[in-house]
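Engineer: I have a structure I would like to understand better, so I am pasting it below and will then ask my questions one at a time.
Where a number appears in this text, it was derived from the coordinates with a stated rule and is not lab data. This is a predicted model, so every value here is computed, not measured.
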Amino acid sequence: MAVVFLVVLAGVVYSVVRFRSRGQTTAEPRQIFGSPKLEVLWTVLPVLIVTGLFIVTVRAMVLIDAPQDAVHPPDLVVIAHQWWWEARYPNGVVVPWDIHIRTSRRLLVRVESADVIHDFWVPQLARKMDAVPGRQSFIWLQADTPGIYTGTCSEFCGAQHSWMRFRVIAQPQASFETWLDNEARTTIDDVPAPPERFFREKGCATCHTVVARQPSSGKGPSLAHLASRETLGGGISRNTPDNLMLWLTDPQLAKPGNRMPNTPLTVEERRALLMYLESLR
Ligand code: CUA
């Protein structure tokens with residue numbers, strides 16, 4: 001822009017000085033109407049430039065865009081909900097919030113929505129991809145450096161759109177596989193037992209699972225390893241016992257508008273549930 005500005009400015013200054021009225025004559029200067037050569041030039045040249053940019057853009061799009069034809073099985077399925085994320089791995093492991101991936105490999109991710117339009121976005125790793133209800137979209141995801149990358153929803157999707165965060169945890173292949181195997185091995189028997197029945201009886205299990213390898217209901221996020229998570233409710237609060245207690249006491253106060261109904265529980269029942277949830281590491 002600076003170059004164009006300077007070229008135009010130089011032309012204007014030159015013309016003002018070179019063709020200024022010198023006071024000798026009051027007659028109009030010579031009038032020129034049209035120049036076929038110039039007009040062809042300034043029509044053809046921009047057409048060539050735009051065509052060149054079009055070709056370069058299409059080539060870049062083909063390189064960057066994942067194939068949208070669902071021929072290849074995806075490495076990861078990401079499902080957006082109001083207002084949380086869920087990732088499903090080919091081996092059946094389902095995780096909310098923390099999405100683990102292996103580094104230095106281009107992963108094909110299928111993005112879906114369970115309700116309204118959301119948008120999957122990890123600014124440091126990939127471009128955005130809309131999650132559209134009833135539609136499967138595909139995106140490449142690749143992290144070359146191990147680390148934790150913050151992701152967020154990037155399409156307004158309701159009252160708590162801003163609290164629909166997630167994390168992508170990129171690990172070298174060996175530690176990623178250890179993690180995935182470990183998740184896959186966890187069964188309902190490995191999960192602490194005492195208030196587990198109570199967890200079911202009170203209806204929590206209608207929406208939530210506590211085991212990573214268990215089909216989720218789609219109504220509420222899996223609570224597997226809940227105690228190891230850094231935040232609650234898509235990032236709205238830190239994962240402290242007090243904040244977790246608020247979810248058990250008044251979910252609508254914890255995150256207004258979310259789908260979790262109030263469950264009538266006594267103080268003792270809430271304490272027992274809190275202890276149970278804090279044991280899910
Ligand atoms: Cu989901 Cu915004």
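Engineer: Across region 76-184, how large is the tail of the calculated P(r) beyond 20 Å, expressed as a percent of all Cα pairs?
Structural biologist: The proportion of pairs with Cα distances above 20 Å equals 33 percent.
Engineer: Would you compute the Debye intensity of region 13-66 from its alpha-carbon atoms alone, equal scatterers and no solvent, and pass along log10 I(q)/I(0) at q = 0.15, 0.19, 0.31 Å⁻¹ to two decimals?
Structural biologist: At q = 0.15, 0.19, 0.31 Å⁻¹ the computed log10 ratios are -0.70, -0.84, -1.10.
Engineer: In addition: Let me have the 222 nm mean residue ellipticity of the chain computed from DSSP H runs of 4+ only, each contributing -39500 (n - 2.57), with the sum over all residues rounded to the nearest 500.
Structural biologist: Here the helix-only value at 222 nm equals -10500 deg cm²/dmol.
Engineer: Continuing with the same structure: Evaluate the chain: find the radius of gyration of its Cα atoms, find its Kirkwood radius, and give the ratio Rg to Rh.
Structural biologist: Rounded to two decimals, Rg over Rh is 1.28.
Engineer: Taking only C-alpha pairs under 8 Å that are 6+ residues apart, what is the relative contact order of the chain in percent?
Structural biologist: Worked out over the chain, it gives 15 percent.
Engineer: Please compute the Kirkwood hydrodynamic radius of region 193-278 from all pairs of different C-alpha atoms, in Å with one decimal.
Structural biologist: The Cα-based Kirkwood calculation yields 13.2 Å.
Engineer: Here's a follow-up. As a test of the definition: which semi-axes, in Å, follow for region 122-163 when you take the square root of five times each eigenvalue of its alpha carbon gyration tensor? Largest first, please.
Structural biologist: 22, 15, 6
Engineer: Taking only Cα atoms and a 10 Å spring cutoff, compute GNM fluctuations for the chain and point out the largest among F33, F54, F19.
Structural biologist: Answer for the Gaussian network model of the chain: F19.
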